[in-house]
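Report on the following structure.
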């Protein structure tokens, strides 16, 4: 679920984007809470997706 393209985000309603944003933030917290496992790439992808979501929300 980590990668959501800009085209997909633009077709979504504002409420749907906010819900996905909350889900991704929770997912980051779950990944960070796992100790001893390197999940840097996945966290980086999620952060980029979150930034993309914020950009799309500003457009709407």
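With P(r) over Cα pairs in 5 Å bins from 0, in percent as the read-out, I listed (1) 4, 16, 23, 22, 17, 9, 5, 2, 0; (2) 4, 16, 20, 17, 13, 10, 8, 6, 4, 2, 1, 0; (3) 4, 19, 31, 21, 13, 7, 4, 1; which label goes with the value calculated from this structure?
Given (1) 4, 16, 23, 22, 17, 9, 5, 2, 0; (2) 4, 16, 20, 17, 13, 10, 8, 6, 4, 2, 1, 0; (3) 4, 19, 31, 21, 13, 7, 4, 1, the calculated one carries the label (3).
Before anything else, pin down the relative contact order of the chain: Cα pairs under 8 Å, at least 6 apart, normalised by residue count, whole percent.
Relative contact order here is 59 percent.
With each label point set 7 Å from Cα along the Cα-Cβ vector, what nm distance links residue 43 and residue 55?
Label-label distance for residue 43 and residue 55, simple model: 2.2 nm.
Is it possible to state the helix-based mean residue ellipticity at 222 nm for the chain, with each DSSP H run of 4+ residues giving -39500 (n - 2.57), the sum divided by total residues, to the nearest 500 deg cm²/dmol? What is it?
-25000 deg cm²/dmol
Each value in this text was obtained by applying a stated rule to the coordinates, not by laboratory testing. Here the structure is a predicted model, which means the values were calculated and not measured. Because the Cβ atoms are built from the backbone with ideal geometry, glycine has one as well, and the counts that use them run over all protein chains shown.
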